[in-house]
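Reviewing the structure listed below.
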Amino acid sequence: MLMPARSTQPATGLPTDLVRGSLLIALGGTLMLKVANNAIVYYIKPELIWTVLAAAVGLVGLGLAHLLRWAVLRPAPAGWPAVLPETALLAPLLAALALPAQPLDSAALEQRGLNTFAALPAADGRLAALQADTSQWTLLDWTLALRQQADPARLRGQPVDLTGFVYTADRSLRPGEFSVVRFVVTCCAADGTAVGLPVRHAAPAPPRDTWVRVAGTLEVTTSEGEPRAVIAATAVEPIAAPATPYLYP
Amino acid sequence: MRETQPAPRISRSGRHAWIAWLLGAGLLASGGCAPLAVTEPSRALGVLSTVFLGIFIEAVPFVLLGVVVSSALHLFVSEELVARLAPRQPVLAGLAGGLLGLVFPVCECGVVPVCRRLMQKGAPLSLGVALLLAAPVVNPIVIASTWVAFGGDWRIVAWRLGLTIVIAVAIGGIVALHPSPRQLLADQVAASHAHGHDPTGGPGERLRALLWHSGAEFVEMSRYLILGALLAAMLQTVVPRPALLALGDWPVAAILAMIALGVVLSICSTVDAFIALTFAGSFNTGALLAFLVFGPMIDIKSTLMFLTIFRRRLVAIIVLLAFQMVLLATLLITYYVS
């Protein structure tokens, strides 16, 4: 059994082992909770979820080792100046538990811009695998197809049926238009990039961040010498926010 | 030797803790002065929290792996073994450190506890610095992901590896010129003690010791990860990405922009090749390499974690040297190779 040195600290504050053990277990439990209610997909891509689960189990194990030591040995409490640095883990715990879990939305868009990228990973492979039926395409598929095509006008008139959230503040929008947007995430929320298309619809645009399903056809016009793609919508219906809000290249 | 609870650090760490908490609270309150944060603070806070948790949660498994490896080294590998295996000549030691990542495939977060443990065991400074800078790139996972991201283009992979190793070994060699390298280590590392050999007892006690040490080290490392992730998330609200991308036309500005982006985004090196690819159209090869080489070496969260190993002055020197070398190398590549 591990034997401690007799501590000479004053009997205020909390034992370090207790603090560390509790925080480690709390972090492990919080990560498991995020995986269980699927909020984890707001933060990292699905392929990495197993690493988080493994880490959560590991953290609980580490925390138990600390709590075991505290329970068995009952070391004297360390003073507050020593304990305070150990509490940094409260920050992510608070962020994860006290604030409502939310994916990247129009607020993040305003920081990053819309369609602010030059290429997307594995674009060629994805383009080759695209189905012929464009009504199955996601916003990511449409963005790739429009960018990679030498002549986007070839997609004129193709059926559109996709989902995304509403964004109304893009400066390239004309009257009667709103943007339908989704975030493309490669690794974690930090690298999320927004892709979107303008939608022309007779009815007023839904409030920003509303998730909608847009059905219609693609129009390609020329604006200042550049092709401009717009979805001429026949139907815009609000839908429930999807469990997996991001698209992955 | 009896396991002793490490003496609680007093005023210096306590001060740092207060500063960190105040800084974090201040940053959150100000929201980075971004217009959105001023007009709609709750929305900005939501984005900040999501990005912060994204960086943090993604890094946690790798930090955990790193501290477990580090604690295993601490408990089961003696200083004599390290002294026997590590080359004494600085350049060779640097090369050994640079290539060690092939054996310890950890993210840039995971390599910090491993490096710190090796320094505590008396490994040469050049080995530690080269390991720290090179291991995030010179490992099988990153090599593979770079190759996949760039569609099998071996030249990018080769440039990335080559530049990283050369720069890491060079910086390791330069800092090793210091007359007494042990002075450059942080207090807690330099004052290492000899209790790190095999705890007596069966596998049960060894496992408990390993778990306890890993937990203690994880809590310590996580402080820097948390502050780094918070700062990176803050910077993302302040630095407008479109402005950075608009600099793509001028070579020097492009390189600087990609270096800045690498620092701001603070993404794990295992997947940053895919991020680099999103800029492949607007930026030249030199700028992309600057992102791929500098980013894994130096970003906000990793630089903060370096402070657990080295003194501030050495960390600053490492950052400056890395910046200069990457800038010079990628400029040369831009003008003479592409």
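The values are calculated or read from the model by the stated rules, or taken from the named source; none is laboratory data. In this text the structure is predicted, and so the values were computed from the model without any measurement. Methodologically, a virtual Cβ is constructed for each residue, glycine included, from the backbone with ideal geometry; neighbour enumeration extends over all protein chains shown. What goes into the accessible areas is simple: the full protein's heavy atoms, side chains included, and nothing from ligands, DNA or RNA. Shrake-Rupley method; radii C 1.70, N 1.55, O 1.52, S 1.80 Å.
Details
- Annotation: the antiparallel percentage among DSSP beta bridges lying fully within the stretch A:121-249 is about 90.
- Listed residues B:R43, A:R213, B:R155 arranged by accessible area, highest first, probe 1.4 Å: B:R155, A:R213, B:R43
- Taking chain A as a Gaussian network of alpha-carbon nodes connected by springs under 10 Å, the highest mean-square fluctuation of the residues A:L104, A:L27, A:L84 belongs to A:L84.
- Rounded to 0.05, the FRET efficiency of the A:D151 and B:E205 pair, given R0 = 56 Å and the Cβ-Cβ distance, is 0.20.
- Over the Cα atoms of the stretch A:92-217, the radius of gyration divided by the Kirkwood radius equals 0.99; this is the Rg/Rh ratio.
- Charge dipole (chain A, unit charges on Cβ, about Cα centre) - positive-most of A:V230, A:T138, A:A36: A:A36
- For B:R311, the residues whose modelled amide H falls within less than 5 Å of its own, excluding neighbours fewer than 5 places apart on the same chain, are B:L185, B:A186.
- The stretch A:17-61 and the stretch A:208-249 have their alpha-carbon centroids 35 Å apart.
- A:S223 versus A:L33: modelled label distance in nm, points set 7 Å from Cα along the beta carbon direction: 4.5
- Counted residue by residue at 0.36 nm each, then reduced by the alpha carbon distance between them, the extension gain from A:R200 to A:R74 reaches 38.5 nm.
- Taking amide H atoms as placed 1.01 Å from N in the peptide plane, the amide H of A:W137 lies under 5 Å from those of A:D161, each 5 or more residues away in sequence or on another chain.
- The three principal axes of the C-alpha atoms in the stretch B:120-182 carry coordinate ranges of 46, 20, 9 Å, sorted with the longest axis first.
- Residues whose amide H falls under 5 Å from that of A:T234, counting only those 5 or more places apart or on a different chain, are A:A215, A:G216, A:T217, with hydrogens built in the peptide plane.
- A 1.4 Å probe, protein heavy atoms only, puts the accessible area of A:W137 near 20 Å².
- The alpha-carbon of B:K121 sits under 29 angstrom from the alpha-carbons of these lysines, leaving out residues fewer than 8 places away in its chain: B:K301.
- For the stretch B:139-146, Karplus couplings with θ = phi - 60° (6.51, -1.76, 1.60), whole Hz, Gly/Pro x: 8, x, 5, 6, 4, 5, 5, 5
- Here the simple spin-label model places points 7 Å from the Cα toward Cβ, and for A:L90 and B:V103 these points are separated by 4.2 nm.
- In order through the stretch B:173-187: 3J(HN,Hα) via Karplus (6.51 cos²θ - 1.76 cosθ + 1.60), integer Hz, x for Gly, Pro: x, 5, 5, 6, 6, 4, x, 10, x, 4, 5, 7, 7, 5, 3
- Net charge of neighbours whose Cβ lies under 13 Å from the Cβ of B:R241, counting Lys and Arg as +1 and Asp and Glu as -1: -1
- Spatially proximal lysines relative to A:K34 (Cα-Cα < 16 Å; intrachain offsets below 8 disregarded): A:K45
- Convex hull volume of the protein assembly as shown per residue (C-alpha atoms, cubic angstrom): 153
- Sorted from longest to shortest, the spans of the Cα atoms of chain A along the three principal axes equal 80, 35, 30 Å.
- Of the DSSP H helices in chain A, those whose Cα atoms cover at least 18 Å axially and whose Kyte score averages -1.0 or more: A:16-36, A:49-73
- Extending 7 Å from Cα along the Cβ direction at B:A316 and again at B:D249 yields two label points whose distance is 3.8 nm.
- Segment B:L307-B:Q89, extension gain: residue separation times 0.36 nm, minus the distance between their alpha carbons: 76.0 nm
- Placing a label point 7 Å from the Cα of A:R213 along the Cα-to-Cβ direction, the residues of the stretch A:232-249 whose backbone N falls under 18 Å from that point are A:232-246.
- Between A:R112, A:R182, A:R171, the Gaussian network model of chain A with springs among Cα atoms under 10 angstrom shows the greatest mean-square fluctuation at A:R171.
- A simple rule links phi to the HN-Hα coupling: the Karplus curve 6.51 cos²θ - 1.76 cosθ + 1.60 with θ = phi - 60°, which for the stretch B:104-121 gives 10, x, 10, 5, 4, 6, x, 6, 4, x, 5, 4, 4, 5, 5, 5, 4, 7 Hz, with x for Gly and Pro.
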